[in-house]
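Peer 1: The structure under discussion is supplied below as structure tokens; questions concerning it will follow.
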Amino acid sequence: MITKYGRREIALATVLAGAVAAAMGWLFAPAVVVPVAAWLAVLWFFRDPNRTAPAEDNVFVSPADGRVSDVTQVGSDSDLGRPGVRIGVFMSVFDVHVNRSPCAGRVESVTYCPGRFLDARDPAAGDQNESATIRLLCQRDGATHPVIVRQVAGLIARRIVTDVKIGQDLATGQRLGMIKFGSRVELIAPVELAGEVRVGPGQKVRAGQTVLLAARRRSSDG
């Protein structure tokens with residue numbers, strides 16, 4: 001399956017690859033393999049495999065494919081407005097780049113912030129780089145909690161696509177956009193929901209499937 005977010009790039013690659021292949025075919029037929037391979041690489045980059053979210057209702061899944069770059073504590077001065085846990089996921093050019101919602105929730109706000117283009121593996125990139133911050137409202141045990149997904153541009157990536165609207169209800173693992181050509185995505189959850197961190201730096205994760213955090217379940221006796 002190919003993501004809709006790559007239609008423009010795929011159309012352009014098709015035209016260019018077709019023109020180059022035609023020219024190479026006329027000059028030296030075996031060389032046609034080069035533009036064809038480049039066109040296939042573009043299709044592969046914009047792949048969008050279907051994913052099934054875990055059945056557990058108290059977990060938060062990865063918003064991106066890639067490797068966990070850092071797991072850090074954040075204070076009350078964070079975008080959450082309260083202490084929490086931030087997990088950064090670095091996406092290389094070889095990873096699926098479609099981003100997904102880490103939990104079921106309603107979109108409260110979407111904020112674009114211009115900035116720098118530090119290496120996306122640097123934890124400082126989340127605060128200093130160009131980014132789009134999606135603030136979700138998540139229901140747990142009868143209370144509403146803020147959860148943040150931040151799409152962060154990297155050293156190479158300069159194109160953030162955020163495909164959600166304020167007031168929209170998202171399901172766990174639902175597609176919410178992508179970042180084109182290598183970048184970073186963060187999950188920031190309040191301490192009340194970060195009962196168990198299930199990943200560590202260097203671990204490979206998959207969007208919509210790999211559990212990053214699990215909230216503590218409230219005991220039946222309160």
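Peer 1: So, in segment 40-55, how many residues would count as being within 30 Å of residue 142 (Cβ to Cβ) and surrounded by 12 or more Cβ atoms within 10 Å (Cβ to Cβ)?
Peer 2: Here the count works out to 3.
Peer 1: Quick one: in segment 203-221, which of the residues that are of a type in the set (A, V, I, L, M, F, W, C) and assigned to a strand (DSSP E or B) is modelled with the lowest pLDDT?
Peer 2: Residue satisfying both the conditions and the ranking: 214.
Peer 1: Tell me the strands (runs of 3 or more DSSP E) entirely within segment 25-119 that contain at least 3 residues that are on the phi < 0 side of the Ramachandran plot, out of contact with any Cys (no Cβ under 7 Å at 6 or more places or on another chain) and in the same structural domain as residue 186 (by TED's automatic domain parsing).
Peer 2: 66-74, 84-91, 98-100, 105-113
The rows are residues; the columns are (1) closer than 23 Å to residue 183 by Cα; (2) loosely packed, with under 14 Cβ neighbours inside 10 Å; (3) aromatic (Phe, Trp, Tyr).
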residue: 26; (1), (2), (3): no, yes, yes
residue: 62; (1), (2), (3): yes, no, no
residue: 77; (1), (2), (3): no, yes, no
residue: 101; (1), (2), (3): yes, no, no
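Peer 1: Quick check on my filter: what residues within segment 165-202 are buried (at least 20 other Cβ atoms within 10 Å of the Cβ), touching a Leu at 6+ places or on another chain (Cβ under 8 Å) and in a loop (DSSP other than H, G, I, E, B)?
Peer 2: 182, 194, listed by residue number.
Peer 1: If you don't mind, there's one more thing I want to ask. Output yes when any residue across segment 171-185 is under 20 Å from residue 83 (Cα atoms) and modelled with pLDDT of 90 or more, and no when none is.
Peer 2: Yes; the residues of segment 171-185 include at least one that is under 20 Å from residue 83 (Cα atoms) and modelled with pLDDT of 90 or more.
Peer 1: I'd like the residue in segment 64-75 that is touching a residue at least 40 places away in the same chain (Cβ under 8 Å) and touching a Pro at 6+ places or on another chain (Cβ under 9 Å) and, out of all such residues, is surrounded by the most Cβ atoms within 10 Å (Cβ to Cβ).
Peer 2: So the first thing to find is which residues in segment 64-75 are touching a residue at least 40 places away in the same chain (Cβ under 8 Å), and the list is 64-72, 74.
Now restrict to residues that are touching a Pro at 6+ places or on another chain (Cβ under 9 Å): 67-72, 74.
Working: 67: 18, 68: 20, 69: 22, 70: 17, 71: 18, 72: 13, 74: 20.
The extreme case among them is 69.
Peer 1: I'd like to check something: does segment 125-148 contain any residue that is modelled with pLDDT under 85 and assigned to a strand (DSSP E or B)?
Peer 2: yes
Peer 1: Moving on. If I filter segment 149-164 down to residues being surrounded by 22 or more Cβ atoms within 10 Å (Cβ to Cβ) and part of a strand (DSSP E or B), which single residue comes out as modelled with the lowest pLDDT?
Peer 2: 153
The values are calculated or read from the model by the stated rules, or taken from the named source; none is laboratory data. Here the structure is a predicted model, which means the values were calculated and not measured. Cβ: placed from backbone, ideal geometry, glycine included. Neighbour counts: every protein chain shown.
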